[in-house]
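The values are calculated or read from the model by the stated rules, or taken from the named source; none is laboratory data. Just so you know, these numbers come straight off a predicted model, no measurement behind them. No Cβ is skipped: glycine too gets one built from the backbone with ideal geometry, and neighbour counts run over all protein chains shown. Note: accessible area is taken over every heavy atom of the protein model, side chains too, but ligands, DNA and RNA are not part of it. Shrake-Rupley method; radii C 1.70, N 1.55, O 1.52, S 1.80 Å.
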Amino acid sequence: MSAAARRRGRSMSVYTTVTPEELAAWLGRYSLGAVQAFEPIAAGIENTNYFVTTDKGRYVLTLYERLPPEELPFYLNLMAHLAHAGVKAPAPQPDRTGALWSFLNGKPAGLVSRLDGAPIVWPDAVHCAAVGAALAQLHLASSSYRGRLSNRRGPGWWRQAARIIRPFISADQNALLLSEIKFQSAFAKAKLPRGAIHGDLFCDNVLFNDERVSGIIDFGFAATDAFAYDLAIAVNDWCILRNGADEGALVPELVAAMVGAYDHERRLSSEERALWGPLLRAAALRFWLSRLYDLHRPRPGELIHAHDPDIFERILRDRIATSPRFPR
């Protein structure tokens, strides 16, 4: 398997099995008609997802494996808010009582509209520009969203995760983690524009019809955080070399396309521009830690494969070595 394939590949993650009979009983609270098709989704590592087709339309059923029920309103109401504002986000479907979620097989579960399109595996500048503009529009729409939720994969979690995975990685990797966490602590009080962010806008979480963004999906890591940090997360996945010795290095043309399109829609502040390098490093650190954690502390699932953490170690080392400046 190539480095790029290892980096992107996900096997199916099904932690909670749902039978057709259980689904039919649960859907009885909706006015969607009979089930025509039902299949697990071969993507995702956080939740259990199924495609569901009924007499009334096509949907995605999600069973939230980690999210506590009290946090679900933040995610579901955010998606509803964005969809209402014209952002290409899945719209949660209310049941007959107006509720956006209920328990299915002991897990909080919700149903959202299924969006058309497919992810892009090898994005070019046109795709990057389209995603940059779409992310800026998402941030503009989320600025009026009243819900607030601390980032559960933020700096506090970084320190906790680093302690847990310490026995599983080399002394050099431990030194890199501790050094970067210390470096990032200097920016903890930076006053950057904030609001609801996607938090995981990788290539497989954006759907395209030709060169047009048709859907932004998987809001399971949404949180209240810095908008520019969300942009840095996207850049670290969309705007990089995807194979070879320099895999993970930034491609200036792609960075300029994404950031330029974003800045055209939502003007980035001088503070956001000044902290561009540290934001890219923070985004790389967060996903390196997450992948190390999921690799060494996996959860039992019917079918699950953790992402390769090596690519984000390379990305972090590259961002430290090159100190990227905000593109002009």
**OP:** Just give me the residues in segment 209-223 being touching a helix residue (DSSP H, G or I) at 6+ places or on another chain (Cβ under 7 Å) and among the aromatic types (Phe, Trp, Tyr), in sequence order.
**Re:** PHE219
**OP:** Sort out which residues of segment 1-43 are at pLDDT below 90, open to solvent by 30 Å² or more (accessible area, probe 1.4 Å) and closer than 13 Å to ALA109 by Cβ, and write them in order of number.
**Re:** TYR15
Original post:
Take the residues of segment 63-85 that are assigned to a loop (DSSP other than H, G, I, E, B) and aliphatic (A, V, I, L, M): which is farthest from ASN49 (Cα to Cα)?
Top reply: ALA85
Original post:
Hey, any hits in segment 44-52 for a residue that's modelled with pLDDT of 90 or more, over 19 Å from the mean Cα position of the chain (by Cα) and assigned to a loop (DSSP other than H, G, I, E, B)?
Top reply: no
**OP:** Look through segment 185-223, keep the residues that are more than 22 Å from LEU289 (Cα to Cα) and of a type in the set (Asp, Glu), and return whichever of them is most open to solvent (accessible area, probe 1.4 Å).
**Re:** ASP210
**OP:** Having 2 or more residues that are touching a helix residue (DSSP H, G or I) at 6+ places or on another chain (Cβ under 9 Å), over 20 Å from VAL235 (Cα atoms) and of a type in the set (A, V, I, L, M, F, W, C) is the bar; report the helices (runs of 4 or more DSSP H) wholly within segment 116-197 that clear it.
**Re:** 155-165, 171-185
**OP:** Please go through segment 241-262 and pick out each residue that is open to solvent by 20 Å² or more (accessible area, probe 1.4 Å) and either of a type in the set (Phe, Trp, Tyr) or part of a strand (DSSP E or B) (or both).
**Re:** LEU250
Original post:
For segment 167-184, how many residues meet the condition of being surrounded by 13 or more Cβ atoms within 10 Å (Cβ to Cβ) and of a type outside the set (Asp, Glu)?
Top reply: 10
Original post:
When the residues of segment 86-115 are filtered to those that are without any contact (Cβ under 8 Å) to a residue 40 or more places away in the chain, open to solvent by 60 Å² or more (accessible area, probe 1.4 Å) and in a loop (DSSP other than H, G, I, E, B), which remaining residue is farthest from PRO69 (Cα to Cα)?
Top reply: PRO94
